[in-house]
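I have placed the structure first, in the form of structure tokens, so that the comments after it can refer back to it.
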Ligand SMILES: [Zn+2]
Ligand SMILES: [Zn+2]
């Protein structure tokens, strides 16, 4: 295979401001299937970051938006593509079932092994990045989340919905006032991953049933483009029917 070009750090991230003070951040030089959606939400008293990418380039240095105000960095779950920059933030939240992984993110626990090779990139991160030695820095949580907990940004609140299945500590975040749902990797508009080493098929079905009836205006998932309420019902409805669970 031909050598991939290296990107400059300043060209690693891409940001796009959406409605409701939500900003989409991603890493366009990672192939779409592996590319995590990073979500920044502005609140009155503090901001929230949902996931933080692979961690191969500093988010704090290259996306100034994340340093403007007090910020809570939430992990939708602890796979490598979602928690790479969590160590850059002082306030870090994760569900209890994956707190150990955020504190000790071994390559196996975060799925870097076997997924991270040069094949997941269309251009490599800057030197000295190497896929063979890729690692995520430990970022022990400062707050452990459980189902029903609330992330309070002052003028807006997000409810934690525990959504195990893809991984044991997966969470979705739901804002009742706007009906925005950040779904993580339990559901998005692309091929879902149901066979990770810590996946659970029964839990996956239960989580999908729970999200199916949630009134949403928009779903911002862990991967692939966002979508509205009709697509939400179609994706989950089709998935549940295929499992004989609807
Ligand atoms: Zn995942
Ligand atoms: Zn993911």
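No lab work stands behind these numbers, since they all come straight from the coordinates. What you see is a predicted model, and the numbers here were worked out from it, not measured in a lab. No Cβ is skipped: glycine too gets one built from the backbone with ideal geometry, and neighbour counts run over all protein chains shown.
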- Report whether or not residue 81 is surrounded by fewer than 20 Cβ atoms within 10 Å (Cβ to Cβ) and either within 16 Å of ligand 2 (Cβ to nearest atom) or not in a loop (DSSP other than H, G, I, E, B) (or both). no
- Close pairs (8 angstrom Cβ cut-off, 6 or more residues apart or separate chains): touching a residue at least 24 places away in the same chain (Cβ under 8 Å) and on the phi > 0 side of the Ramachandran plot in the stretch 184-207, in a loop (DSSP other than H, G, I, E, B) and more than 11 Å from ligand 2 (Cβ to nearest atom) anywhere: 184/163
- Filtered residues of the stretch 165-210 (kept if more than 14 Å from ligand 2 (Cβ to nearest atom) and in contact with a helix residue (DSSP H, G or I) (Cβ under 6 Å, 6 or more places away or on another chain)): 168, 208
- Item | Residue that is farthest from residue 182 (Cα to Cα), among those in the stretch 102-121 that are in contact with a strand residue (DSSP E or B) (Cβ under 8 Å, 6 or more places away or on another chain) and away from ligand 2 (no atom under 13 Å from the Cβ) | 118
- Note on the structure: Going through (1) in contact with a helix residue (DSSP H, G or I) (Cβ under 8 Å, 6 or more places away or on another chain); (2) over 24 Å from residue 112 (Cα atoms); (3) part of a loop (DSSP other than H, G, I, E, B) one by one, residue 66 fails only at (3)
- Query: Has the stretch 97-115 got at least one residue that is surrounded by fewer than 22 Cβ atoms within 10 Å (Cβ to Cβ), at positive phi and outside any helix (DSSP H, G or I)?
  - Reply: yes
